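Here's the structure, in structure tokens; my notes come after.
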Amino acid sequence: MVHLLRSIYYGLRSSFKSIITSFFSSFGILFIITFLIIYLSFRTSISDFIDENLLGSLEIDEIEILPINEKADNVYAASSRQGAKLTIDQVKAVREMDDFSEVFTLIMLDYRVRLRGEMFGNRSTMILPLFAIEPEFFKNKIPKWDQFYYKPGRPLKLIAPKFTLVMLNNYLYFNGLPQFKIEDLKGFPMEIQIETLKSPRPFPGAKIEFKEDKGKTHTDLDVSVFSFTNVTERIGAIVPMDFITYFSKRAEVSSGRWKRGYHYLQFYAKVKDIKKLPETVDKLEKLGLQVKSDRGIADKANQVMKIIDAFSLTIVGILILLTIVSIFNANLNVVYHMSHKFSLTRILGVTKIRIIITFIVEAAIVGAIYGIIGYYAGNYLFSYAAESISSFLPDIAGIEFVAQRNREVFMIAMGLSALVSASSALLPAIFASNINLFKAVRR
Amino acid sequence: MKKNKQNISLLKVENIKLKFGSRMILSDVNFSVEPGTITVITGKSGCGKTTLLGIISGLLKPNDGKVYFKGKNILRWGDIRRSFYRSKNIGFIFQFFNLLNDYSAFENILLPTMFNPFARNASKKAKELIEYLNLKAISSNHPETLSGGERQRIAIARAVINNPDIILADEPTGNLDDESAEDINNLFIKLAKENNKAFVIVTHDHRIVENSDFHYHLSDTALVLQTKTKNRSKKPAAKKPSSIAKIKPAGKTSQNKSDSTSRKNTKKAAKKTSAKKTK
């Protein structure tokens, strides 16, 4: 045990010196990782900007399926007039089609809904349609999408349209008040009142209470803001789908009259094979449906992003190559200067593989440390540049530059850096293990 | 079977041939080494003496031939096994000492134990060696502050810390003054005699040659036996390898000098006998 501890101590002591030497020789990695982090942050910011401003809410393989009598470019109007509905036959037919990998249904509550909220002492009420869609639709679109469910007795979760946040911020801006981010408004409390049919009867075990007031029946519920989204261009709030089905059933039983309580507005579907989209569109048109897709714009945007990626990755590739060559040279120098030590340890009984592994591990440790420094340096430089860039380039002031601070990017930076450093050390390590030992110890 | 085991040499080199490109370095080199003996190899600079040490230690592979250690051909082993063989069974001493300046004398002595997974009580052994080699006063010093003789004694301590059977020395006195060289020479004799170590020394130093049991000369790629002290080769000091724990601290010169004198006398007697026989 003492022997083992002493060996570890001397090993670390010896490696510490080598690592310090390697630090100077591997300095180039820092620039690569810093550049990479800045590039990733810029790319993500621009990509998000394109997604939000050019592509709307659809992915390249996503389509919207609407009734044929719906005006595809005038869906704002459709939200208020509850007209263009999908028939049950259309819904069944679309769900049975095998052209799609996923199909999500947008439904709308048939009852009138009032949303009440209070901010800065001002209380306001507005009539707002309530929509719902399967929570899986929000996967990769909003954080914690899998928690978007209705729990009876708890405040109803609500996803508000993103433009309401923009409008609110405009109002705050003109009144000299600080603006809100999405995170600031998460959990913001509000109330909704849903008007239902007359003559309610008590529903045993139900946590939704129907009240009668001035000849009208209504339900009051607490609401909390779950997130904001622009996935649907309709004016209205999105609530969990299980709430609408739960509420409709309660309302139906309470009134004693059959009424589904909601209707189908449209589908969001992911096509299995984007090349077969024209055939799919033909099938849908035969069902009396129309298709809205961002594919044309998405294709062009993707081509532009591909060109930017190819250009940037070429630069990164060249930088990595140059760094590997420069670190390789520096490592060869280290091997030359440490050849005496390597030879001596080899003569005293150290195996070739141990020398190679030690050399590579030391290089990987140095690389990983540079990766961590590069990650923070890149983020710091990017944040600094993002703050000042709009004053230099007013044309891109609309782009929200967000630094890439997350675990995945951190791991990529550290891993890539360690890999580059270790790769650069591989050949010198093999040279180190094959030195002409007696020549080296005689020098 | 038992008889065979007794006849097995500690180290046996058979028909070694080595070429660097088209240049023949060693051809049909044969010799064996027994415990407690000092074997000296002389020859012109660049004739392949050090290369031969490299082959014996398993660091170099010849084009042909065999190197048996306790009856096993080390050239058939892989790098890991040969490294372990070197760590456990071979001690090295160099002309330029090859101590690491980052470490103290004590730490330099301990260095080979770091690469030997079976090393036990390394500190204790190192302290005993420091006593034995009169290095106590300088054990915490770094090599750059020490004289050549002191450095070489540290290198010797480093060479024997793992209790190896064979010690290979490459020009061990080549960088020392006469007095230090004499001391080192006496130390080799003492270690060989008291601790049953086998020495293979590449040297030009006539004192070491005179005190050796076997003297080989490497000339024109061939190894030729020059002298042989029969009584030592036939009767090694002890059959079992000694442990470092057996090394007893001893006085510096008187014992060593008497050893040296007795060896010289033995050799002279042997020479006289052979001369009489020739007559």
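The values are calculated or read from the model by the stated rules, or taken from the named source; none is laboratory data. All values reported here derive from a predicted model rather than from experimental measurement. Glycine gets a Cβ as well: all are built from the backbone with ideal geometry, and neighbour counts include every protein chain shown. Quick note on the areas: whole protein, heavy atoms, side chains included, nothing else; ligands and nucleic acids left out. Shrake-Rupley method; radii C 1.70, N 1.55, O 1.52, S 1.80 Å.
Relative to the current alpha-carbon distance between B:V224 and B:F20, full extension at 0.36 nm per residue lengthens the span by 71.3 nm. The alpha carbon centroids of the stretch B:64-142 and the stretch A:207-244 are separated by 82 Å.
How high is the relative contact order of the stretch A:62-294, in percent, with contacts defined as C-alpha pairs under 8 Å that are six or more residues apart? Display every interim value, and only then the final one.
Details: 414 pairs, mean separation 86.6, N = 233.
Taking the mean separation of contacting Cα pairs over the length of the stretch A:62-294, I get 37 percent.
Listed by chain and number, the aspartates and glutamates whose C-alpha is less than 17 Å from the C-alpha of A:K17, apart from same-chain residues fewer than 8 away, are A:E362, B:D102, B:E107.
Sorting check: for A:272-278, B:135-141, which peptide has the highest mean count of neighbouring beta carbons within 10 Å, and how do the rest follow?
Numbers: A:272-278: 11.9, B:135-141: 15.6.
Top of the packing list down: B:135-141, A:272-278.
Considering only A:Y268, A:W258, A:N175, and ranking their Cα positions along the charge dipole of the stretch A:62-294 that arises from unit charges at the beta-carbon of Lys, Arg, Asp and Glu, the one farthest toward the positive end is A:W258. At an R0 of 30 angstrom, the distance between the Cβ atoms of B:N121 and B:E179 translates into a FRET efficiency of 0.35. What the Kirkwood sum gives for the stretch A:62-294 is a hydrodynamic radius of 19.1 Å, with every pair of different alpha carbons counted.
Let me make sure I get this right: for the stretch B:98-207, a, b and c are the square roots of the gyration tensor eigenvalues over alpha carbons, sorted descending. Under 1.5 in a/c it's rounded, otherwise prolate if a/b > b/c, else oblate. Which is it? Let's see the in-between values first.
Values: a/c = 1.70, a/b = 1.20, b/c = 1.42.
Here the stretch B:98-207 falls in the oblate category.
For B:G65, the residues 5 or more places off, or on other chains, whose built amide H falls under 5 Å of its own are B:K17.
Greater than 28 Å separation of Cα atoms is the criterion. Which listed pairs, A:K352/B:K17; B:K44/B:K66; A:K341/B:K72; B:K66/B:K127; B:K12/B:K88, meet it? If you can, show how the numbers build up before the last one.
Details: A:K352/B:K17 24 Å; B:K44/B:K66 24 Å; A:K341/B:K72 30 Å; B:K66/B:K127 38 Å; B:K12/B:K88 18 Å.
Flagged as over cut-off: A:K341/B:K72; B:K66/B:K127.
Here the peptides A:151-161, B:154-164 are ranked by packing, the mean other Cβ count within 10 Å, and the order with the highest first is B:154-164, A:151-161.
For peptide B:111-124, the mean count of partner chain Cβ atoms within 10 Å of a residue's Cβ comes to 4.
Quick one: of A:K151/A:K270; A:K151/A:K211; A:K92/A:K157; A:K85/A:K286; A:K139/A:K181; A:K92/A:K151, which pairs are farther than 24 Å apart, Cα to Cα? The pairs that break the limit, which is 24 Å between Cα atoms, are A:K151/A:K270; A:K92/A:K157; A:K92/A:K151.
Counting, for every residue in A:113-126, the Cβ atoms of other protein chains within 10 Å of its Cβ and taking the mean gives 0. With all protein chains in place and ligands, DNA and RNA left out, the 1.4 Å accessible area ranks A:I235, B:I166 as A:I235, B:I166, largest first.
The mean number of partner chain beta-carbon atoms within 10 angstrom of a residue's beta-carbon across peptide A:340-347 is 5.
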